[in-house]
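Here is the structure we will look at, set down as structure tokens.
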Amino acid sequence: MPIYLYIDRGTFVHRLHPTVKVFALFVMFWSVYWVDNPVALLPVGLVMLWIAQLTGSWPNFYRLRWLFAILIFTTSMMWLVFYQLGEPLFTISLFYMNPHSFSVPLGRFSHTFRWGGHPVAVNVTWQSIKFGFGRGIKLAELLATSVLFLSTTKIEEFTYGLQRMRVPYRVGFAISLAFRLVPLFIDSAVTIVDAQRLRGYDFNQGGPFERIRRYVPVVIPVFMGALRKANNMAMALEARGFGYTHEPTTFIEYPVGSADIAAFAALIALGAIYFLLYYTGVGGIGPVK
Amino acid sequence: MIAESETGFESTSELRLMWRNTRMVVLCAISAALYAAVLVPFKVVPLIPGVTELRPANAIPIVCSFLFGPAAAWGSAIGNMIGDFFGGVSPGDIFGFFANLVYGWIPYKVWQVIGRGESPVARTPSAILKYVIACLAASVLCADLVGWGDNLLVIRPFAMLGNVIIFNNMASALLLAPFILAAVYPRVKKGRMLYEDMMPEVKRRPMAIRIVGFSMLIAGETGAWLFGNLLSAGLWMPTFLPAAMMVAPYDKPIAIIVSPFILLAFAGLFLM
């Protein structure tokens, strides 16, 4: 699993202002959220494919190809079971649920809750297929959005974007520091795993839970190493004036250019179109008969 | 650093107050990074594909909560957000952020109420029982928030997410966290890096209020879990709601019935 997905290509998407990129993330979520119909989700999917081609993000999509496939398949299946509206195309009987009940004795507000006493079956309908597949595509598009964002945005750009969106400086700093510490901690863990293996410790013994438990001796040194760093890091930060309330200056400047304004306008238009698709009912899966 | 005039805050402001303490900010980032560092490699081991993956990392917020208190709460939320970036972000991750915030916030708050001065690494039956209660309280509200949020946005049904998350959280909290905590807690305590040492200015509310808060938390999260499951699986059709509302994906009934329980749980948490 790659830690950083950023691909340094220097395309116009890479050069966009960080705030525009964070805004693009929100607009993609917004657009995808309003529609259920797989056909209505197609245009925004095509836009993402175009951006992936433009930014050369295909290696990241290739790495996550199984995640995309699993996400679409399992989400479709899950909603096939839970969303059972419309005329059944066919029915799959699962089991008979015995009747159950429980009473809440609250005087005149007493109530008895009852459930069960009927066969449990999955009614596969045209609507449930469309809804389930639409949900699968929707989640895949959300994943694609985050892959595109990470492929084209550096961590410092992300935190800069958050700060411009009024996220407090200290919160932005903690997010940025955490992002940077992740690969360091993974590296330490890998070193400790190698050292333990050299000493003959077998991480692959036992069932799944036993295997996970065998990693406890790896987590403890990583944890203690991290805590040792914490004190020094805090002192270094305070020595550089981190304790002051005013916002610190930065070497990184991101001027707003014409491409940013054009991208911003295009994103507003995309968000508005998708809201209209919802509002007019075009983005839905149609009436349930 | 915190000015002298600002001492004596009550426990509810801990989450805000910790941002003024540089050490707590660093511990927040470290908690987040540790959580994400274990979370990211296991993104490829799905427990239920497309729903959730095997998350041994869920032991980290529990451990950090007992050590770093409010810094662990924010660290848990940020760490989960970083993890989400590697498995796909969605609007539902906003609920994931707050769910992980409470997952890192509840264990130490509950321990302050039921712990009665006992160490979380004590091996007495009562300490073990209290530890399980603290972890279960955190896991259930975390699951409620994600299940409720994802069902409101019609991303995934409550009955699917709500239960898987409790199982996942409790498996890590019971099988992994106690071992890590037993090894780390005495050292951190000796190094005076526990949250109580870092933020001595935080006052606790009177015990009676905290017990009321704890009861509200338990009632709220249990009610949310129960009714969320019954509604989203279509097993209970409340007669006081219009029949047109009682159709899959049950987002509106969940909004109307489960939301008050979630609010009750949060009100209890703030009182603690």
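The values are calculated or read from the model by the stated rules, or taken from the named source; none is laboratory data. The structure presented is a predicted model; accordingly, all values stated were derived computationally and were not measured. Glycine gets a Cβ as well: all are built from the backbone with ideal geometry, and neighbour counts include every protein chain shown. Just so you know, the surface numbers come from the protein's heavy atoms only, side chains and all, with ligands and any DNA or RNA stripped out. Shrake-Rupley method; radii C 1.70, N 1.55, O 1.52, S 1.80 Å.
Quick notes
- Using the alpha-carbon positions of segment B:123-272, Rg (one decimal) and Dmax (whole number) come out as 18.5, 61 Å.
- Using C-alpha pairs below 8 Å separated by at least 6 residues, the relative contact order for chain A is 31 percent.
- Residue by residue along B:124-134, Cβ atoms of other protein chains within 10 Å of the local Cβ number 0 on average.
- Computed across segment A:4-65, the Kirkwood radius stands at 13.0 Å (inverse of mean 1/r, all Cα pairs).
- q = 0.07, 0.10, 0.14 Å⁻¹: log10 I(q)/I(0) that the Debye formula gives for chain B, counting C-alpha atoms only: -0.24, -0.50, -0.95
- Three semi-axes describe the equivalent ellipsoid of segment A:170-276; taken as square roots of 5 times the Cα gyration tensor eigenvalues and ordered largest first, they are 42, 26, 12 Å.
- For chain B, the longest principal axis of the alpha carbon atoms and the long axis of helix B:22-39 meet at an angle near 50°.
- Label positions at A:Tyr62 and A:Thr112, each projected 7 Å from the Cα along the C-beta direction, are separated by 6.5 nm.
- Prolate/oblate/rounded label for segment B:152-198 (Cα gyration tensor, a/c 1.5): oblate
- The convex hull around the C-alpha trace of segment A:21-99, projected and averaged over every direction, spans 8.6 square nanometres.
- Compared with the alpha-carbon gap, the fully stretched path from B:Ile209 to B:Arg16 is longer by 67.4 nm at 0.36 nm per residue.
- Nearest-0.05 FRET efficiency for A:Ala195 and A:Ala265, computed from C-beta distance (R0 56 Å): 0.50
- Scaling against 2.2 N^0.38 Å puts the C-alpha radius of gyration of segment A:91-190 at 2.00.
- Taking A:Leu89, A:Leu42, A:Leu277 in turn, the Gaussian network model of chain A (Cα-Cα springs below 10 Å) assigns the largest fluctuation to A:Leu89.
- Kyte-Doolittle mean at least -1.0, axial Cα span of 20 Å or more - DSSP H helices of chain A: A:18-34, A:38-55, A:65-82, A:126-152, A:169-198, A:216-239, A:258-279
- Note on chain A: Cα convex hull, mean projected area over all directions, 25.1 nm².
- Considering only the Cα atoms of the protein assembly as shown, their convex hull presents on average a projected area of 28.8 nm².
- Computed over segment A:34-129, relative contact order equals 29 percent, with contacts defined as Cα pairs under 8 Å that lie 6+ residues apart.
- A simple spin-label model places pseudo-atoms 7 Å from Cα toward Cβ; at A:Tyr169 and B:Thr239 they are separated by 6.2 nm.
- Peptide A:166-176 shows a mean partner chain C-beta count of 4 within 10 Å per residue C-beta.
- Solvent-accessible surface of chain B, averaged per residue with a 1.4 angstrom probe and all protein chains in place: 34 square angstrom.
- Averaged over B:231-242, number of beta-carbon atoms from partner chains that fall within 10 Å: 2
- Test item: Cα-centred dipole of segment A:2-148, Lys/Arg +1 and Asp/Glu -1 on Cβ, debye: 220 debye
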